[in-house]
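These notes are about the structure you will find just below.
The values are calculated or read from the model by the stated rules, or taken from the named source; none is laboratory data. Note that the structure is predicted; figures quoted are calculated from it, not measured. Cβ placement follows ideal geometry from the backbone for every residue including glycine, while neighbour counts extend to all protein chains displayed. Side chains included, ligands, DNA and RNA excluded: accessible areas come from the protein's heavy atoms. Shrake-Rupley method; radii C 1.70, N 1.55, O 1.52, S 1.80 Å.
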Amino acid sequence: MRDPEAPSLVRLPEHVVLEILARVPGVADLFRCAAARKRWRDLVTEPSFLRRRWPEGACHCSSLVGFLGRERRQGGEGPPGSSFVRAPWSVLGPGRPLLGSFVPGAAGLLDDRVVPLASHRGALLVRFGAEAEAEAEAESGPAVDRLAVCNLLSGACHVLPPLRCDWFFDYFGTSAHAVLTGADCCPDDGQRQALDPASFKVLVVGVSDDRRRYVLRTFSSGEPGWSAPSECFDPVERGIFGPFKRRSAVVSHGTAHWVLWDLVKFHVLDVNAANRHASLQELQTPPPAGDLALYESPHLSVAPNKAATLSSLCLSSQDPQVEIWTRQDGGKGSDEDCGGDWRRDRVVEMTPEQNQIVDRPRCMCTGDRSGTLLITDRCRCMYILHLESGAMEEVTDHLRGLRDYKTAMAVEIDWPAFFVCRLLGGKAHV
């Protein structure tokens, strides 16, 4: 039995308890503390405490949970499956599955053949039902895309209504996806606080049924079905027939951004989720025409600051460095087909660990909130590059199984939103 005269943490002054909670090292440990007592929960979910723990405008490595990608079956047998590998410092312990840990409702619904399509701030868009999809495609009839949104913040899994589209809709990298949270689509801070944390919006861009235009279809939580297709742009008129370089969009200020290639130059497609306006702008960053061997295809990224600046990351294969170009309008886009000039903001010198030789590096994906790049090289080694310092760490053995650089995406969690959603939303368990 505890000595009744012994000091109790419950009786400590509030400012002392706050200091103790602020020094709890791990995210999972802090969550367990907050879930243990109502008083601690109230202190931890205070906006001032969350801003102190995760300062706004700064990169936080703890936001990076891991990486998702497609994994080829050994020996080429069977369709490719999805692969999740945890980051070296991930809050998930070894062997803990991503969906099983954060979205228990997805168990039994989504198997290991789901295709990850987009990830943003804890919302994960996946395609499932691969066998049914393959049968529909084989018949050359209208295909049915089965999509689901897994909300890692609330733990909910939302199966979307079937999306019917022509088989050419997803031919040769001609489709792209984005998932936005309710906060992304709400510019007013006061209204954002009143939003349902599980609300979301899905954008799908692909080729129209007549195969002459790129069209946009959207689905919002709470709506009965998909929107009618609206035109994004005419590839003949714009002279852009190349594929999307990355199918998963980056998101800033309620706008989704993708990179397109016309076999000579790169372009940025901006789609405003609120009014569905689409605009195209030439990406005025390396590589210049005829110099493709010196630079890897640019990757878009969004700074974690309040301005949510849209940047293009250009990885040099000649020098161990990353050029960061920023768009001068803050990434908001405009109603015209130009979103602002691009300017080279800074150069990050890559600093490999001792005795490491990175041969022709290639970017697999970016982690905006964590400020990281996942890089592979010609020898199929993998590294995590920290953009703030340029430090690199080899993670080849840790990320074994994640080999398809074209489909890899970072899975990041907005921890302040996670704490508020789970602790104040009646789902205080992990």
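Does S389 qualify as being under 26 Å from V302 (Cβ atoms) and in contact with a helix residue (DSSP H, G or I) (Cβ under 7 Å, 6 or more places away or on another chain)? I'd like the intermediate steps shown before the answer.
Working: under 26 Å from V302 (Cβ atoms): yes; in contact with a helix residue (DSSP H, G or I) (Cβ under 7 Å, 6 or more places away or on another chain): no.
No, not satisfied.
Which one is modelled with the lowest pLDDT among residues in region 103-140 that are part of a helix (DSSP H, G or I) and touching a Phe, Trp or Tyr at 6+ places or on another chain (Cβ under 9 Å)?
Within region 103-140, the subset part of a helix (DSSP H, G or I) is 104-106, 130-138.
Narrowing further to those that are touching a Phe, Trp or Tyr at 6+ places or on another chain (Cβ under 9 Å): 136-137.
Numbers: A136: 41, E137: 46.
Restricting to residues being part of a helix (DSSP H, G or I) and touching a Phe, Trp or Tyr at 6+ places or on another chain (Cβ under 9 Å), the top hit is A136.
Among what's in region 1-49 and is modelled with pLDDT of 90 or more and among the basic types (K, R), pick the residue that is most open to solvent (accessible area, probe 1.4 Å).
R23
Please enumerate the residues belonging to region 308-320 that are outside any loop (DSSP other than H, G, I, E, B) and closer than 19 Å to C379 by Cβ.
Within region 308-320, the first condition is being outside any loop (DSSP other than H, G, I, E, B), and the residues that meet it are 310-316.
Within region 308-320, L315, S316 meet the criteria.
When you scan region 61-72, do you find a residue that is within 25 Å of T372 (Cβ to Cβ), modelled with pLDDT of 90 or more and β-branched (V, I, T), even just one?
Yes, region 61-72 has at least one match.
Take the residues in region 291-318 that are among the hydrophobic types (A, V, I, L, M, F, W, C) and surrounded by 17 or more Cβ atoms within 10 Å (Cβ to Cβ), then tell me which one is modelled with the lowest pLDDT.
Keep residues of region 291-318 that are among the hydrophobic types (A, V, I, L, M, F, W, C), which gives 292-294, 300, 302-303, 307-308, 310, 313-315.
Remaining after also requiring surrounded by 17 or more Cβ atoms within 10 Å (Cβ to Cβ): 300, 302-303, 308, 310, 313-315.
Details: L300: 91, V302: 90, A303: 81, A308: 72, L310: 89, L313: 88, C314: 86, L315: 82.
For region 291-318, the residue satisfying everything is A308.
Can you report the number of residues in region 361-391 which are aliphatic (A, V, I, L, M), in contact with a Leu (Cβ under 7 Å, 6 or more places away or on another chain) and either open to solvent by less than 10 Å² (accessible area, probe 1.4 Å) or more than 18 Å from D319 (Cα to Cα) (or both)? If you could, list the steps in order and put the result at the bottom.
Just the residues of region 361-391 that are aliphatic (A, V, I, L, M), to begin with: 364, 373-375, 382, 384-385, 387, 391.
Checking the rest, the ones that are also in contact with a Leu (Cβ under 7 Å, 6 or more places away or on another chain) come to 364, 373, 375, 382, 384-385, 387.
With either open to solvent by less than 10 Å² (accessible area, probe 1.4 Å) or more than 18 Å from D319 (Cα to Cα) (or both) added as a condition, the list becomes 364, 373, 375, 382, 384-385.
Of the residues in region 361-391, 6 are aliphatic (A, V, I, L, M), in contact with a Leu (Cβ under 7 Å, 6 or more places away or on another chain) and either open to solvent by less than 10 Å² (accessible area, probe 1.4 Å) or more than 18 Å from D319 (Cα to Cα) (or both).
Restricting attention to region 269-279, which residues are closer than 14 Å to Y214 by Cβ and in a strand (DSSP E or B)?
The answer is L269, D270, V271, A278, S279.
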